[in-house]
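One structure is given here, and the rest of the page talks about it.
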């Protein structure tokens with residue numbers, strides 16, 4: 001499955017940071033660094049790779065279990081959660097070591113934390129369900145039936161969770177406390193990632209098979225229409241939206257376009273694509289921004305690297321060759 005990356009808006013040209021990870025176990029590649037790192041899941045290498053984006057250098061390769069995909073940082077940045085077929089790996093960011101594994105079903109994919117950091121919401125695609133894991137105890141406290149769930153996102157207010165259903169082409173709206181489904185909102189075909197605006201009033205959904213982003217009124221639970229996506233240098237497959245990331249100020253949405261080999265840049269205020277960053281990498285699926293908004297990073301599956309895109313210039317500054325099959329990417333504090 002592909003992921004769509006949003007491209008930098010106007011002056012915010014996206015950076016694609018290539019998370020270069022070498023082979024091996026939980027090894028350090030360039031010694032200790034205090035610079036903000038980028039982490040990428042390597043689906044084929046059964047690991048999470050830590051990369052110094054300033055030098056496109058591998059800092060560590062952390063074994064986490066087979067077929068790792070989605071990742072999420074805890075609200076305080078101290079823990080990194082990564083899905084795998086062996087459960088959820090809990091990584092201590094300071095030591096870059098797995099400190100726990102949480103059960104999560106046969107095929108966990110996307111995940112998100114509650115705003116207070118006490119609950120982890122996981123889409124278990126293989127079992128067609130969404131789980132709520134209590135982090136203090138490490139146990140599942142609730143589950144909801146959602147057909148082939150992909151992306152999952154907790155609302156900023158902590159009351160609702162949105163989960164995309166790839167089979168039903170909609171978003172299931174879940175009560176965060178009970179996981180009872182309280183509504184459903186139609187999307188385009190094969191919805192993948194979902195993110196909320198900073199104020200929590202709007203949600204954006206990447207429609208992988210629809211070459212667009214669905215916009216949802218997160219309060220009224222209705223569709224507000226679609227944002228069509230395009231590439232300036234069209235690929236035969238066209239845009240295949242998969243991953244989404246908001247700029248730190250919430251003004252720009254970056255969409256990873258998968259086989260489209262590009263990142264679409266969407267102006268949140270006007271809900272329109274304003275540019276396409278082509279040549280971001282081969283089959284970018286995950287996308288993230290640096291904490292200062294100066295860079296955009298993409299995990300590129302078939303070019304086996306992580307790209308660092310300079311938002312000021314709109315160019316790919318560096319690529320880190322990590323091998324394997326990069327799937328998702330996050331930026332640490």
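We did not get these values from a lab; they are worked out from the coordinates using the rules stated. Since the model is a prediction, treat every value here as computed from it, not as a measurement. Virtual Cβ from ideal backbone geometry, glycine too; neighbours counted across all protein chains shown.
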Practice task
Normalising by the residue count of the range 38-331, find the relative contact order in percent from Cα pairs under 8 Å and 6+ residues apart.
Solution key: 12
Practice task
Provide the packing ranking of 92-101, 156-165, i.e. peptides ordered by the mean count of other C-beta atoms within 10 Å per residue, highest first.
Solution key: 156-165, 92-101
Handout entry: Euclidean distance of C-alpha centroids, the range 176-230 and the range 279-325, integer Å
Key = 25
Handout entry: Packing-based ranking, highest mean first, of 40-51, 307-318 given that Cβ atoms within 10 Å are counted
Key = 40-51, 307-318
Practice task
State the Cα centre-to-centre distance between the range 133-173 and the range 32-97 in whole Å.
Solution key: 22
Practice task
Would you calculate the separation in nanometres between label points at residue 78 and residue 54, each defined as 7 Å from the Cα along the Cα-to-beta-carbon direction?
Solution key: 2.6
Exercise for the section: Would you mind calculating the gained length between residue 147 and residue 219 on full extension (0.36 nm times residue separation, minus the Cα-Cα distance), in nm to one decimal? Expected result: 23.6 nm
Practice task
Classify the range 196-308 as rounded, prolate or oblate, taking a ≥ b ≥ c as the square roots of the eigenvalues of its Cα gyration tensor: rounded when a/c is under 1.5, otherwise prolate if a/b is larger than b/c and oblate if not.
Solution key: oblate
Problem - Identified option (computed volume of the Cα convex hull per residue in Å³; candidates (1) 122; (2) 199; (3) 103) - result: (3)
Handout entry: For the range 161-204: rounded, prolate or oblate by the Cα gyration tensor [a/c cutoff 1.5]
Key = oblate
